[in-house]
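Following: one structure in structure tokens, then a few remarks.
The values are calculated or read from the model by the stated rules, or taken from the named source; none is laboratory data. Remember, it's a predicted structure, so these values are computed and weren't measured experimentally. Glycine gets a Cβ as well: all are built from the backbone with ideal geometry, and neighbour counts include every protein chain shown. Accessible surface areas use protein heavy atoms only, side chains included; no ligands, DNA or RNA. Shrake-Rupley method; radii C 1.70, N 1.55, O 1.52, S 1.80 Å.
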Amino acid sequence: MAKVALVTGGTRGIGRSITERLVKDGYKVAANYAGNAEAAGKCAAELGVKAYQWDVGDYDACAAGIAEIGKDLGPIDILVNNAGITRDATLHRMTRQQWDDVIRVDLTSAFNLCRLTIEGMRERNFGRIINISSINGQKGQIGQVNYSAAKAGLIGFTKALAQENAKKGITVNVICPGYIDTEMVQAVPEKVLEGIIATIPVGRLGKAEEIAGCVSFLAGSDAGFITGATLTANGGQYITG
Ligand code: CAA
């Protein structure tokens with residue numbers, strides 16, 4: 001029986017590439033999205049998946065979404081916490097709303113979805129949880145105290161959850177993409193982005209498919225002994241042990 005995967009923020013950007021790759025790998029994939037119905041409809045039609053709309057920062061909405069996927073596809077075996085937003089501003093200009101929005105969508109969402117799926121994974125003695133963090137959670141970034149804090153939080157969350165569930169056939173890992181060619185990165189002011197690309201040793205932005213390949217590996221059977229790991233994919237921009 002094909003395993004069931006949920007990709008949050010799975011209809012655009014890196015998430016869409018992850019959805020596409022997991023479909024190719026033979027999983028039954030549910031793609032969650034927050035609000036862009038046009039992109040979700042296009043993704044669903046092109047990849048042959050069902051797109052599920054809910055706000056990953058809302059615990060009750062996550063519960064309802066997971067229940068719906070359960071009815072359609074079955075219980076979730078592979079959870080990819082990919083949904084994320086930026087609300088960039090230097091701290092001295094950042095509003096409380098910009099802080100709260102990013103923490104809620106980028107970090108609290110992982111609590112919500114893991115909390116709602118972990119008991120089933122533990123009962124079935126199998127699970128793959130893959131959290132999508134960021135280079136900016138590793139190194140910090142001007143204009144992103146909110147995002148850097150949330151993404152660094154995901155790394156600690158991963159390490160703790162991995163230890164809690166290691167004996168239950170569940171692996172929990174985190175991927176830290178660098179600057180990937182998506183709408184989120186294209187929204188960075190042009191001059192700033194040029195400066196960022198100049199600091200990437202491979203000399204280019206990453207491709208969403210390159211992150212999807214990392215997810216595919218961590219979801220697969222070859223990665224059964226890897227848990228609590230941080231997989232860095234940033235073109236050499238920030239090299240860490
Ligand atoms: N790297 C290096 N320097 C940066 C920078 C960056 N990413 N962002 C801003 N700066 C520098 C600017 O060059 C500028 O320096 P100078 O005064 O020496 O020219 C200084 O910081 C202030 O910048 P601004 O003049 O732009 O000030 P602002 O208040 O108008 O805007 C800002 C500040 C909101 C941080 C804006 O510059 C910005 O949006 N920067 C991009 C931040 C960023 O990198 N976000 C990543 C988004 S992509 C993502 O998050 C995906 C992922 O996981 C990697």
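Miscellaneous remarks
- None of V185, V174, V215 is closer than 30 Å to N36 by Cα, surrounded by 14 or more Cβ atoms within 10 Å (Cβ to Cβ) and touching a Phe, Trp or Tyr at 6+ places or on another chain (Cβ under 6 Å) except V185.
- Residue satisfying all of: in region 2-22; farther than 22 Å from D101 by Cβ and free of Cβ contacts under 8 Å to residues at least 60 places away in the same chain; surrounded by the fewest Cβ atoms within 10 Å (Cβ to Cβ) among these: A2
- In this structure, N234 qualifies as within 11 Å of the ligand (Cβ to nearest atom) and either open to solvent by less than 20 Å² (accessible area, probe 1.4 Å) or within 18 Å of A83 (Cβ to Cβ) (or both).
Each row is one residue, and each column tells you yes or no for (1) at pLDDT below 95; (2) closer than 24 Å to T11 by Cα; (3) surrounded by fewer than 17 Cβ atoms within 10 Å (Cβ to Cβ); (4) charged (D, E, K, R).
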residue: D72; (1), (2), (3), (4): no, yes, yes, yes
residue: G84; (1), (2), (3), (4): no, yes, no, no
residue: L91; (1), (2), (3), (4): no, no, yes, no
residue: Q138; (1), (2), (3), (4): no, no, no, no
residue: E164; (1), (2), (3), (4): no, no, yes, yes
residue: I170; (1), (2), (3), (4): no, no, no, no
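- Single residue of A208, A150, A187, A198 found to be modelled with pLDDT under 95, small (G, A, S) and within 16 Å of the ligand (Cβ to nearest atom): A187
- Subset of region 218-231 [open to solvent by 50 Å² or more (accessible area, probe 1.4 Å) and either among the acidic types (D, E) or modelled with pLDDT of 95 or more (or both)]: D222, F225, I226, T227, T230, L231
- Any hit, region 123-131, residues being open to solvent by less than 40 Å² (accessible area, probe 1.4 Å), within 10 Å of the ligand (Cβ to nearest atom) and under 14 Å from the mean Cα position of the chain (by Cα): no
- Within region 23-38, residues that are under 13 Å from A212 (Cβ atoms) and open to solvent by less than 60 Å² (accessible area, probe 1.4 Å) have Cβ atoms under 6 Å from residues that are part of a strand (DSSP E or B) and small (G, A, S) in these pairs: Y27/A5; V29/A5; A31/A51, counting only partners at least 6 apart in sequence or on another chain.
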